[in-house]
Amino acid sequence: MPYAIITVGGKQYRVQEGQRLLVDRLPHDEGKTFNPDVLLLGGDGEPKLGDDAKGTKVTAVVSEHVLGKKVIVGKHRQRTGYRRRNGHRSRLTQIEIQSIGAKTARRAPAKKAETAEEKPKAAAKPKAAAKPRTTTRKKKDES
C-alpha cells in the first residue's frame, strides 16, 4: 500500500489513502480539498525523495474543525502558598487523505510570439549633446 510523508503546519506526518488525522488548525473551510507538500513517497518499490516526489500530488479534504482534549496545567511551589491552575484546548482540524500518487502535469515553458530575428529593430535615437558642467559660487565683495 503506498504511503507518503507530508508537511502540514510545519509538522510531518506519514499518511496512507483513507487515513484521518488531526493537525493544527488550517485556514481551509470544511469540505474543501487541498494539496500538502510531499517529502517522500514509498510503498511501491524504491522510495522517492525530494525532486522525484515533487511532481506527485497528495489530495486531502478538511473533514471538520474541532477542539482538542482539555489540558490542565498546574504550578506549585513548596511551602510558599504559590499555586496556579491554567488550562487550554487546542484548536485542531481533522483531515482525510483521499489520494496519493496522482502525477501533476508539468507545464511546458510558454513560447514567445516572436523570436529575436523576426522582431524589427528600432531606429537608433540620436544622443543629446552633453551639457557643460558649470559651478555657481558666490562672488566675494571686493570693497
Query raised in the report: Taking region 56-76 as the search range and keeping residues that are of a type outside the set (D, E, K, R) and surrounded by 14 or more Cβ atoms within 10 Å (Cβ to Cβ), which one is nearest to Thr93 (Cα to Cα)?
Result: His65
Requested in this report: Scan region 63-92 for residues that are not basic (Lys, Arg) and not in a strand (DSSP E or B) and report the count.
Outcome: 3
Report summary line: Expected output for region 26-53 (first residue polar (S, T, N, Q), partner open to solvent by 40 Å² or more (accessible area, probe 1.4 Å) and assigned to a strand (DSSP E or B), Cβ below 6 Å, 6+ apart or cross-chain) is Asn35/Lys57
Report task. Please work out which residue is surrounded by the fewest Cβ atoms within 10 Å (Cβ to Cβ), limiting yourself to region 40-55 and to residues that are of a type in the set (D, E, K, R) and outside any loop (DSSP other than H, G, I, E, B). Result -> Asp51
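Residues are listed down the side, and each one gets a yes or a no for (1) surrounded by 10 or more Cβ atoms within 10 Å (Cβ to Cβ); (2) of a type outside the set (Gly, Ala, Ser); (3) modelled with pLDDT of 60 or more:
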{"site": "Arg91", "(1), (2), (3)": "yes, yes, yes"}
{"site": "Lys112", "(1), (2), (3)": "no, yes, no"}
{"site": "Glu118", "(1), (2), (3)": "no, yes, yes"}
{"site": "Ala128", "(1), (2), (3)": "no, no, yes"}
{"site": "Lys131", "(1), (2), (3)": "no, yes, yes"}
{"site": "Lys139", "(1), (2), (3)": "no, yes, yes"}
**Report entry** Single residue of Asp37, Asp24 found to be surrounded by fewer than 13 Cβ atoms within 10 Å (Cβ to Cβ) and under 23 Å from the mean Cα position of the chain (by Cα)
**Finding:** Asp37
Query raised in the report: Which condition number does Gly43 fail, the rest of (1) out of contact with any Phe, Trp or Tyr (no Cβ under 7 Å at 6 or more places or on another chain); (2) at pLDDT below 95 being met?
Result: (1)
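Residue under question is Leu40, and the condition is that it be in contact with a helix residue (DSSP H, G or I) (Cβ under 9 Å, 6 or more places away or on another chain) and farther than 20 Å from Thr93 by Cβ; does it hold? Steps first, please.
Values: in contact with a helix residue (DSSP H, G or I) (Cβ under 9 Å, 6 or more places away or on another chain): yes; farther than 20 Å from Thr93 by Cβ: yes.
The answer is yes for Leu40.
The values are calculated or read from the model by the stated rules, or taken from the named source; none is laboratory data. Everything numeric here is computed off the predicted structure, so don't read it as measured data. Note: ideal-geometry Cβ built from the backbone for every residue, glycine included; neighbour counts use all protein chains shown. SASA here: full protein model, heavy atoms, side chains in, ligands and nucleic acids out. Shrake-Rupley method; radii C 1.70, N 1.55, O 1.52, S 1.80 Å.
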